[in-house]
């Protein structure tokens, strides 16, 4: 409901009748009843306004998850089934079969002497002649059994020495239980470590970085957790690092770039997070980098476009954002970036598949992801504080992405540029932040560009913030009923000038409305004389209704979808009139007020 008051002034003289003026709540200038040769007196107008409106919001369904394929740097026969769309191939190193692996036919674990001398050497590097005890390997039975199998002539805790451990150069086991002990560092000649089995728990010990002869680490299908040790960068002879289908978390250490002989890095199906270290692009012999099915975030470093030996670069199914560097999209690399919130400025000109036919950009903003938002946001005030990222605000833009009809949540690393299309002013440029706000006057259209990908329509959307108001617009400050002589009969006076009331309707959904009027008090002179009826409303059929402090409907309207402004007028014989009964007039000025109310209901 919208109210507006016009103050109305009536001036009366003894012989001539006066005028009534009506300001914005409508000032009514009542006729001046004047006595010659006296002049007409007019009093000031008054105006007051209030108004309100209610709007609603809308919800959309949650997105369905997507699936993707991780491919190994060094293919091998598949050993497990996954729910991914494609098979995950494991590195060749893990296919090496050890004919004497732990099995039901393996010899029983040797007896060990757990009584250790008090003077046991606790240093990482132990004299070759020192006896090896089970506790040196944290009593991990799987490793104790393997040592016994490879060096059957010696007994742990009795005759086996640290020098004897130099005979062990390869460990290739599956279906084992336990953890990898820090004492693995005592296998100083170990060159290949291949382990499988979901019974493997714990984390990769930092001491593994002291095994300078290691060329292959191949550990997969385990419950290994924790973070990758920085010490992996110490392995100067390491050529293959394969850790897949694990529970490893944390960031990829940039120190891994110090292992300069690495040719293949295969860290797939874990929970690695953080940004992709650009330092890995400096590895001189790195041919294959597969980091698929993790939780890596941020942008793809452009440095990988110039990695000296890189041929295969898989980052599919992560949480990467930003623009894919042109230097990478235009390179000869075989790469997969699918299932990431990545984009490209030149999306329409990109080659979407590798030479082998595999997809490069499925489920990205290069192909089938589309930035989306609310299309229209109604506001009930002319000056509005816009909070585009605050979900509790009526002006929330609700930015998200659509994969066809499926809704998805945007990663927090995205940036957004919000431009007022009417003024071309940049209202905001940065990441989503619920505290961001700006003020707009009247209706405005906004253009949003995500990640500054101005050349990709998939990264853009538009929001129209519309003032959705039903309100009284322009109307006279006063209504003048002129100056008249007092007569011996009742007189009805119309305003001296034509006047109208404007109704503004910017509501998105139009509904019928009505205009009502009331007068809070009778027309009164400066000395306290009143007119018994004073202001009346006369309908087109001639019916007269005296205006009181009870609202009277005087106009009803049903708008169409394009109506934004309606001017209300009355014909010559209808509208607001001044009624002066015989004998009521005094040589004074009379004033009064009209209250107009606009209601968005029939």
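The values are calculated or read from the model by the stated rules, or taken from the named source; none is laboratory data. The structure displayed is predicted, hence computed values, not measured ones. So basically every Cβ, Gly included, is an ideal-geometry build from the backbone, and we count neighbours across all protein chains shown.
Let's see how each residue does on (1) in contact (Cβ under 8 Å) with a residue 40 or more places away in the chain; (2) under 16 Å from residue 374 (Cα atoms); (3) in a loop (DSSP other than H, G, I, E, B):
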| residue | (1), (2), (3) |
| --- | --- |
| 391 | yes, yes, yes |
| 397 | yes, yes, yes |
| 416 | no, yes, no |
| 439 | yes, no, no |
| 447 | no, yes, no |
Here is a check on your reading of the model: is residue 426 over 26 Å from residue 508 (Cβ atoms), at pLDDT 95 or above and surrounded by fewer than 19 Cβ atoms within 10 Å (Cβ to Cβ)? yes
Would you confirm, using the coordinates I've provided, whether residue 197 is modelled with pLDDT under 95 and assigned by TED's automatic domain parsing to the domain that holds residue 147? yes
Within the range 146-197, how many residues are part of a helix (DSSP H, G or I) and out of contact with any strand residue (DSSP E or B) (no Cβ under 7 Å at 6 or more places or on another chain)? 13
Give me a count of the residues in the range 449-476 that are more than 30 Å from residue 598 (Cα to Cα) and part of a strand (DSSP E or B). 5
Selection status of residue 256, touching a helix residue (DSSP H, G or I) at 6+ places or on another chain (Cβ under 6 Å) and either more than 20 Å from residue 212 (Cα to Cα) or in the same structural domain as residue 199 (by TED's automatic domain parsing) (or both): yes
Inside the range 483-503, the number of residues satisfying the requirement of being within 14 Å of residue 587 (Cα to Cα) and in a strand (DSSP E or B) is 3
Going by the conditions given, is residue 369 more than 18 Å from residue 291 (Cα to Cα) and crowded, with 18+ Cβ neighbours inside 10 Å? yes
Hey, could you check the range 124-144 for residues that are buried (at least 20 other Cβ atoms within 10 Å of the Cβ) and not in a loop (DSSP other than H, G, I, E, B) and say which is farthest from the chain's Cα centre (by Cα)? 131
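Residues are listed down the side, and each one gets a yes or a no for (1) in contact with a strand residue (DSSP E or B) (Cβ under 9 Å, 6 or more places away or on another chain); (2) modelled with pLDDT of 85 or more; (3) farther than 16 Å from residue 577 by Cβ:
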| residue | (1), (2), (3) |
| --- | --- |
| 475 | yes, yes, yes |
| 478 | yes, yes, no |
| 495 | yes, yes, no |
| 499 | yes, yes, no |
| 505 | yes, yes, yes |
| 508 | yes, no, yes |
| 514 | yes, yes, yes |
Please pick out the residue among 412, 358, 331, 349 that is more than 29 Å from residue 469 (Cα to Cα), in the same structural domain as residue 448 (by TED's automatic domain parsing) and out of contact with any strand residue (DSSP E or B) (no Cβ under 6 Å at 6 or more places or on another chain). 412
